[in-house]
Amino acid sequence: MRVWLAHHLEAVRLALRRLSAAPLNTLLSLLAIGVALALPAGGQMLLGNALHLADTTSAVPQISVFMAANADRRMATEIESRLGKYGGVKQVQFVSREDTLTRMKANPGLRDVIEALPGNPFPDAFVVTATDDRPETMEQLAAEFRQWPKVEHVQLDSAWVRRLDALLKLGRTAVMLLGALLGAGLIAIIFSIIRMQALTHRAEIEVSQLLGATDGFVRRPFLYYGCLLGLGGGVVAWLLVSAAALWLRAPLSELVRLYDLTLVLEGLDARDSGLLLGFAAGLGWLGAMISLRQHLRQG
Amino acid sequence: MIRFDRVSKRYPPGVDALSDLSFEVAEREMVVVGGHSGAGKSTLLKLIAAVETATRGTVLVGGQNVSGLARSALPYLRRRIGMVFQDQKLLLDRNAFENVMLPLSIAGFPPREAAQRVRAALDKVGLASREKALPVMLSGGEQQRLAIARAVVNRPSMLLADEPTAHLDNETAADVARIFHEFHDVGVTVLIATYAGDLFPGARRLQLDHGKLVP
Ligand SMILES: Nc1ncnc2c1ncn2[C@@H]1O[C@H](COP(=O)(O)OP(=O)(O)OP(=O)(O)O)[C@@H](O)[C@H]1O
Ligand SMILES: [Mg+2]
């Protein structure tokens, strides 16, 4: 066991020696692999954040009913009771125009604009949830409310959550497809790098075989070489994705705040990071394996 | 130990390197294979280590039919044979110590014991002080001796050497010949392909002429 370990360490040492013998080559290879892996990894990062966002956001579709600006509180109360009694309506929440004003003033960017206006620009509003929240039923309810007097505008909220859901499913498929595609690309990159390596070290391969080396012995340093390249590329990809997450965090938070949502963009979590590095190393090993199998068969 | 039975070797374009060759080498015997350039000496040694395969006939090594050996069995045959190649085949990017270490790494020796053996082998051929030297830093004779150290470090029961004294002055050649005699004395079967048969006075000779054995 100790001997076995010593021989593997020896192969790792040899692989590292070869990697550091051509630093520019190694660096460029790592970059190529890193960029290839960063695409699906970045997609997974965005997807993870979007999933988190969708989870923390109420997925219950709502209808917002806005009163006309000139409607007084009495009319609003009338509409409220009418909404409350309406078949299919589950809950009605009143949002007074004063509350809306206070809430909007909390936003420092908007405050100056609002204070420049002569009066309260916001109308009274209701947030309505339905007993049956299928899109068709919701659409019907909204259409009905639009007919009512002094109702200025009816909006189906949270329809976007459904869209987001569908979008996320699509996103997951896209990330998987991208992962498979670029995973195959990674194998191809490692394949040709190892082929070059095998040609560079063909004297060593030939001599080793003449001295009684098994295919396993001949392969070993090359497999570690491919594995280390893959792993290094995975680390590069991880760094790229983390840097992108940090860089996008502030502007994206700004953007989603406009939709009344909060999002702090996070890099890859521990599980995804582990998967990334594991896959990168595994694919590097696989690429090297395929390359050497072909090389040794020819030789 | 080694037995050739009506062995022929034809290289692809149609060169008959060996034809209808039959002979036997007993265990612990020392044999010198002579003959002109192109007579087939190297080919004969390569057939024993299964570097080349016979076109016809059978080559038996230790009772094993070498030509019929599966690819996966070749490494184990070669580990029992120490071979000094005509072109030496030293690894130019590894120092003397690492070159001699290679057969032991291949055979899976524990590193510490292996290092001791490497030093012993280098000492045996008089290169103990040059273990850090790359092959290009060694003279022709030193390279020959390094190749011998690599061939014997595994303590094989059979030693095949192809022109181990070529390009050496008389004194160095005699030195190298002495090393082979020493291995023969401790029971190793030794086959040497060489023009300089006089260096190995006690050895049996096999004389080749255009791939045929001269009686
Ligand atoms: N790989 C090869 N392909 C084709 N022909 C070969 C090959 N190796 C050797 N030959 C031919 O086989 C014949 C015997 O070659 P071999 O190398 O066995 O001779 P040799 O006795 O070792 O000669 P030398 O003393 O010059 O080393 C020669 O005619 C040579 O040209
Ligand atoms: Mg020859």
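Is it fair to say B:Gly82 is in contact with a Pro (Cβ under 7 Å, 6 or more places away or on another chain) and open to solvent by less than 30 Å² (accessible area, probe 1.4 Å)?
Judged against the criteria, B:Gly82 is a match.
Restrict the check to the stretch B:134-147 and report whether at least one residue is within 16 Å of ligand 2 (Cβ to nearest atom) and among the aliphatic types (A, V, I, L, M).
Taking every residue of the stretch B:134-147 in turn, at least one turns out to be within 16 Å of ligand 2 (Cβ to nearest atom) and among the aliphatic types (A, V, I, L, M).
So for the stretch A:144-160 (the condition being assigned to a helix (DSSP H, G or I), charged (D, E, K, R) and within 14 Å of chain B (Cβ to nearest Cβ)), does at least one residue qualify?
No: the stretch A:144-160 contains no residue that is assigned to a helix (DSSP H, G or I), charged (D, E, K, R) and within 14 Å of chain B (Cβ to nearest Cβ).
For the stretch B:30-52, which residues satisfy the criterion of being in contact with a helix residue (DSSP H, G or I) (Cβ under 9 Å, 6 or more places away or on another chain), in contact (Cβ under 8 Å) with a residue 60 or more places away in the chain and either of a type in the set (A, V, I, L, M, F, W, C) or within 9 Å of ligand 2 (Cβ to nearest atom) (or both)?
The answer is B:Met30, B:Val32, B:Val33, B:Ile48, B:Ala49.
It is to be established whether one or more residues within the stretch B:53-60 are within 16 Å of ligand 2 (Cβ to nearest atom), open to solvent by 10 Å² or more (accessible area, probe 1.4 Å) and under 12 Å from B:Gly211 (Cβ atoms).
no
Please find, within the stretch A:22-58, the residue that is nearest to B:Pro110 (Cα to Cα) out of those that are assigned to a loop (DSSP other than H, G, I, E, B) and either in contact with a His (Cβ under 6 Å, 6 or more places away or on another chain) or touching a residue at least 12 places away in the same chain (Cβ under 8 Å) (or both).
A:Thr57
Can you tell me which residue is surrounded by the fewest Cβ atoms within 10 Å (Cβ to Cβ) among those in the stretch A:89-108 that are touching a helix residue (DSSP H, G or I) at 6+ places or on another chain (Cβ under 6 Å) and not in a strand (DSSP E or B)?
The qualifying residue surrounded by the fewest Cβ atoms within 10 Å (Cβ to Cβ) is A:Lys105.
Quick one: in the stretch A:260-299, of everything that is polar (S, T, N, Q) and open to solvent by 30 Å² or more (accessible area, probe 1.4 Å), which residue is nearest to A:Ala180 (Cα to Cα)? Don't jump to the end; show me each part of the working.
So the first thing to find is which residues in the stretch A:260-299 are polar (S, T, N, Q), and the list is A:262, A:273, A:291, A:294, A:298.
Those left that are additionally open to solvent by 30 Å² or more (accessible area, probe 1.4 Å): A:262, A:294, A:298.
Numbers: A:Thr262: 32, A:Gln294: 23, A:Gln298: 29 Å.
Only one residue fits best here, namely A:Gln294.
Any residue in the stretch A:146-160 that is outside the structural domain of A:Ala38 (by TED's automatic domain parsing), in contact with a strand residue (DSSP E or B) (Cβ under 9 Å, 6 or more places away or on another chain) and free of Cβ contacts under 8 Å to residues at least 12 places away in the same chain?
Yes.
Can you tell me which residue among A:Gln209, A:Gln197 is farther than 18 Å from B:Pro75 by Cβ, within 14 Å of another protein chain (Cβ to nearest Cβ) and more than 21 Å from the chain's Cα centre (by Cα)?
Values: A:Gln209 fails: farther than 18 Å from B:Pro75 by Cβ.
One residue alone meets the criteria, A:Gln197.
If we keep just the residues of the stretch B:97-109 that are at the interface with chain A (Cβ under 8 Å from one of its Cβ atoms) and not in a loop (DSSP other than H, G, I, E, B), which is farthest from A:Thr200 (Cα to Cα)?
B:Ala107
Between B:Ser19, B:Ser8, B:Ser37, which is within 16 Å of ligand 1 (Cβ to nearest atom), of a type in the set (Gly, Ala, Ser) and open to solvent by 50 Å² or more (accessible area, probe 1.4 Å)?
B:Ser37
This table checks each residue for (1) exposed (fewer than 14 other Cβ atoms within 10 Å of the Cβ); (2) touching a His at 6+ places or on another chain (Cβ under 7 Å); (3) modelled with pLDDT under 95; (4) within 11 Å of chain A (Cβ to nearest Cβ).
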residue	(1), (2), (3), (4)
B:Pro111	no, no, yes, yes
B:Leu122	no, no, no, no
B:Ser129	yes, no, no, no
B:Lys132	yes, no, no, no
B:Pro135	no, no, no, no
B:Gln143	no, no, yes, no
B:Ala149	no, no, no, no
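Using beta carbons and a limit of 9 Å, which pairs, at least six apart or on different chains, have the first residue in the stretch A:5-21 and facing another protein chain (nearest Cβ under 10 Å) and the second one surrounded by 16 or more Cβ atoms within 10 Å (Cβ to Cβ) and among the aliphatic types (A, V, I, L, M)?
Partner pairs satisfying both residue conditions: A:Ala11/A:Leu223.
In the stretch B:85-109, how many residues are within 16 Å of ligand 2 (Cβ to nearest atom) and either surrounded by fewer than 22 Cβ atoms within 10 Å (Cβ to Cβ) or without any contact (Cβ under 8 Å) to a residue 24 or more places away in the chain (or both)?
Going through the stretch B:85-109 one residue at a time, the tally reaches 4.
Could you list all residues from the stretch A:212-270 that are within 14 Å of chain B (Cβ to nearest Cβ) and touching a residue at least 60 places away in the same chain (Cβ under 8 Å)? So that I can check it myself, show each step before the final result.
Initial filter on the stretch A:212-270 (within 14 Å of chain B (Cβ to nearest Cβ)): A:212-221.
Once the filter is applied, which keeps residues that are within 14 Å of chain B (Cβ to nearest Cβ) and touching a residue at least 60 places away in the same chain (Cβ under 8 Å), the stretch A:212-270 yields A:Asp215, A:Val218, A:Arg219, A:Arg220, A:Pro221.
Run A:Ala69 past the list (1) part of a helix (DSSP H, G or I); (2) away from chain B (no Cβ under 14 Å) and report the number of the one that doesn't hold.
Among (1) part of a helix (DSSP H, G or I); (2) away from chain B (no Cβ under 14 Å), the lone unmet condition for A:Ala69 is (1).
The values are calculated or read from the model by the stated rules, or taken from the named source; none is laboratory data. The structure displayed is predicted, hence computed values, not measured ones. Note: ideal-geometry Cβ built from the backbone for every residue, glycine included; neighbour counts use all protein chains shown. Heavy atoms of the whole protein, side chains included, go into the accessibility calculation; ligands, DNA and RNA do not. Shrake-Rupley method; radii C 1.70, N 1.55, O 1.52, S 1.80 Å.
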